[in-house]
Structure formats: structure tokens, C-alpha cells
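Reading through the C-alpha cells given below for one structure.
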Amino acid sequence: MTSKLEILEGNVAKIDMTIDAKEAENAYNKAFKRISQNVNIAGFRKGKAPRNIVEKYVGAERIKAEAIEDVFPKEFSKVSDEHKLDLAMQPYIESYEFETGKDLKLVVKAELKPEVKLAKYKENKVDFEEFKSEKDALEKELENIQQRFSTLETVEEDRETKADDTVVFDFEGFVGDEAIEHGAGKNYTLDLAHSNFIPGFAEGLVGHKKGEEFTIDVTFPENYHQDKLKGAKAQFKIKLHEIKTRILPELNDELAKKAGKFDTLDALKEDIQKFIDETAKNENERRKIEAIFNKVVDETKIDIQETMIDREVDAIRSETKQNAERHGQNYDELVEKEGKDEVDKKFKEEAVKRIKNSLVVEKIAKEEDIKIGQDDILEQVNEIARLYHTTGAQIFEEIRQNPGMFAVITQQIATKKVNEILLNNNTFNAK
């Protein structure tokens, strides 16, 4: 087999391949035998019809096409290795000349990945925005635990509601004289400090006593989900039935035992502090990696062809549509609202970013001779399973049904390994 390579516009490789006549004939004979054993020709048993009869019945071109399908992958793999082709897409056969007894000649085209002029990715000095835990992070986490084990008790004294109370009340809303659809409720319980009502509603319930009847004036947000109520001024009639206050448990060993397998409050505090420190460490590692990776990507020169960008844009558009449908949204309406030109611009920017990031990871992985083994794949699959609360076996089943997932997983593993190299081979300065 011989080949001649020519690089065309758009980073497309044109390869003239010549496959030895003997190998081409062997491929033809195998294809013929396979086809002849699966066709029914009147007057002949399966696989027993003469060659000329079979060729006339099914067509010699079909046999040739199957022969090429058999021989091409192996032979093109040799071509790819010989010319060190870095394919962006699977190759396709543009034309061929195939006569039994003669060399098989193929004209093949394949889009290549663009050249990556990789920037310096080691021994850099990089600034990053340091993450620092809040000084009272431990105290806040202890307060959260107290809240988790708190109890609500009815206020018996004759006092006004406070901003951190929980209240039980009836309400009925109006815009002008018209009642708001689904804008009424009986014996509704609301935590005033954590209200999901429209702005001003919970605040309006503060400063009133049990049994009191009053009104609250509010304005619906401009981005409210019901068009009819966007920006509308409304009034809610309120009847306050009950006031409850939250009682927090004491911070002591007993609470520590309730919160987890801790014998003492000190042991609980130590565990929380360890978590806070670990969280800060992980976040700073993430920020360091982001800083050095962005620097390398920004300084790496890649001339990405438009066809590659267009394919990635199509993939992003498809993802966006699926996400919109999952959230019950209409994709076309979202595009119309934001503006098609603006959406197209965002998609293209994201496409270029994704492609460049992927090519940089791939290039560093090659430079570092990064290998991905079975243990790496198993570890990544198990991590994905934990993330989605399923099993590794289920993830492997999804990979079997959707082989494209395997490429995604190997890319994730390669990215992790590249990030580790970047983290360990550069100097970082916290700002």
C-alpha cells in the first residue's frame, strides 16, 4: 500500500491511496463469499451460484463497496500513522477505481485538527484570587446545626410578631377590586426569616399581634412568571392566627451526639473545622488550576477552522434546546427574547472556548505521554455514579448504549491528569 498526502484549504487532508492488487482481490473474494451465502437466486442453493450470476444479481459495485469497507479501516490506519494525521472527523472516500486484478485506488479526504502552538505550561508564576473561609465559619455552621435541631413553640404572651418568627395566617390578595388567581390561603404557615413570597410580604407581617386583621400593600416584581401580575400593585388582606418562635438547643455534648457520631462538642467542632479547612484548600487548588489553565490557553496559538466551530455550535445549540425542554421552556421563545444574533454570538464564543480547551488538554497530554488505564476509567465511572446517586454498573450500561460517553469520560480523566501537572509544575501567588 502506498499513499500521497496533500493538505487542502480548511485543514482538509486529501490522501491518494493505492492498495496492492492481491490484497484488493482477497477483500473482493471475501465480500463475494459473504454476500453469496446470504442471497437467494432461483435455481441455485445459497452460496452455490456461479460468480458471474451472483455479480449480475447483486451488482459488482455492491461487492466492491463491501470489500472496500473491509479493507479500508486497516489500511487507512497505516496511512494515519505514516503521515501522523490528527483527525477531527472520520475520513470519507471521495472516489475509487476498483478492477479485479489491478491495484485499488482510493481518493480519501479527512478533516484534521488544527496545529496547536502550545504556550509554556511549566515554570510559570501565576497570580490567583485566594479563597479565605469566613472568620466566623465555624460559628455559623454550629448555628446551622442548632437550627436543624430547633423546635417551634407557640408564643403565649401578647406580643407583636418579630422578623424571625413563624406565623400562621389567612390571606387573600387583590389587584384593584379583582381577586388574584391562586392568591388566597387558609392557615398558611410562613417562616418570616426565610420567606419565598414576593418582596415586602413577609416584612408586612412583622409588628402585628395574634388575632389582628390588617392589609399589606406590595408590588409584584417586573420579572414575575405571570404576565398579568408583572409590576402590578396588590393588596393582601391578612388574619393572623398564631405566632411561633424557634427555640435553639444549647451547644453541648448532647447536641454533638445528635448531630453525628461525636462524643463531645469539641470533637464536633474539630470535625467542622477540618471540613472548613479542606473546603478552602480544594477551592484554592481549583482557582490555581483555573488561573494557570486560562493563562496557557490564552497564550496558545490555534487557528480553528470554521467547520469545526460550526459543529461545536450545533452541539451547544442541541444541548441548550434539551435543557430548555427539561425545564419546561420554549427554546425558540428564549432565543427570540435574547435576540438571535446575541445567542449565535454566545454559542460561537462558547464553541471556540470548548475546542481550544480540549485541544490544549490533548496537546499537553501528548507532550507528557499521559496514559489512561482501566483503573483510571473505573475510578472516574465510580465518581460519576456517586455524583448522580447511582451505581458504576449503571454508568457502564449507559456507556454501552451510548459509546460517545466513553470519549467524554476519557477526556475528563485526561483533563484531571493535565490539571495535576499544571498544579505541580507552576508557582502560584495568592492575591
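Would you tally the residues in region 13-25 being open to solvent by less than 50 Å² (accessible area, probe 1.4 Å) and over 17 Å from Ser77 (Cα atoms)?
1
Listed residues Glu111, Glu69, Glu130, Glu141; which is surrounded by 13 or more Cβ atoms within 10 Å (Cβ to Cβ) and assigned to a helix (DSSP H, G or I)?
Sole residue among the options that is surrounded by 13 or more Cβ atoms within 10 Å (Cβ to Cβ) and assigned to a helix (DSSP H, G or I): Glu141.
Considering each residue of region 215-266, count those that are free of Cβ contacts under 8 Å to residues at least 24 places away in the same chain, surrounded by 15 or more Cβ atoms within 10 Å (Cβ to Cβ) and in a loop (DSSP other than H, G, I, E, B), and give that number.
2
For region 26-58, give me each residue that is within 30 Å of Glu82 (Cβ to Cβ) and surrounded by fewer than 16 Cβ atoms within 10 Å (Cβ to Cβ).
Asn26, Asn29, Lys30, Arg34
Taking into account only those residues within region 154-163 that are open to solvent by 90 Å² or more (accessible area, probe 1.4 Å) and modelled with pLDDT of 95 or more, which is nearest to the chain's Cα centre (by Cα)?
My answer is Lys162.
Only one of Ile384, Ile355 is assigned to a helix (DSSP H, G or I), out of contact with any Ser or Thr (no Cβ under 9 Å at 6 or more places or on another chain) and of a type in the set (A, V, I, L, M, F, W, C). Can you tell me which?
Ile355
Look at region 193-209 and say how many of its residues are buried (at least 17 other Cβ atoms within 10 Å of the Cβ), at pLDDT 95 or above and part of a loop (DSSP other than H, G, I, E, B).
Result for region 193-209: 2.
Conditions tested, residue by residue: (1) out of contact with any helix residue (DSSP H, G or I) (no Cβ under 6 Å at 6 or more places or on another chain); (2) under 30 Å from Lys337 (Cα atoms).
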| site | (1), (2) |
| --- | --- |
| Val168 | yes, no |
| Lys186 | yes, no |
| Phe201 | yes, yes |
| Ile216 | no, no |
| Phe236 | yes, no |
| Lys239 | yes, no |
| Pro249 | no, no |
| Gly260 | yes, no |
| Ala267 | yes, no |
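Mind checking which residues of region 386-431 are small (Gly, Ala, Ser), surrounded by fewer than 15 Cβ atoms within 10 Å (Cβ to Cβ) and either in contact (Cβ under 8 Å) with a residue 60 or more places away in the chain or closer than 24 Å to Asn282 by Cβ (or both)?
Matches in region 386-431: Ala430 only.
Report yes if Gly200 is in contact (Cβ under 8 Å) with a residue 40 or more places away in the chain and at positive phi, otherwise no.
no
Go through region 97-108 and give me each residue that's open to solvent by 20 Å² or more (accessible area, probe 1.4 Å) and in contact (Cβ under 8 Å) with a residue 60 or more places away in the chain.
Thr100, Gly101, Lys102, Asp103, Lys105, Val107 - these are the residues of region 97-108 that are open to solvent by 20 Å² or more (accessible area, probe 1.4 Å) and in contact (Cβ under 8 Å) with a residue 60 or more places away in the chain.
The values are calculated or read from the model by the stated rules, or taken from the named source; none is laboratory data. Keep in mind it's a predicted model, so treat the numbers as computed, not measured. So basically every Cβ, Gly included, is an ideal-geometry build from the backbone, and we count neighbours across all protein chains shown. Keep in mind that these areas ignore ligands, DNA and RNA; they rest on the heavy atoms of the full protein, side chains included. Shrake-Rupley method; radii C 1.70, N 1.55, O 1.52, S 1.80 Å.
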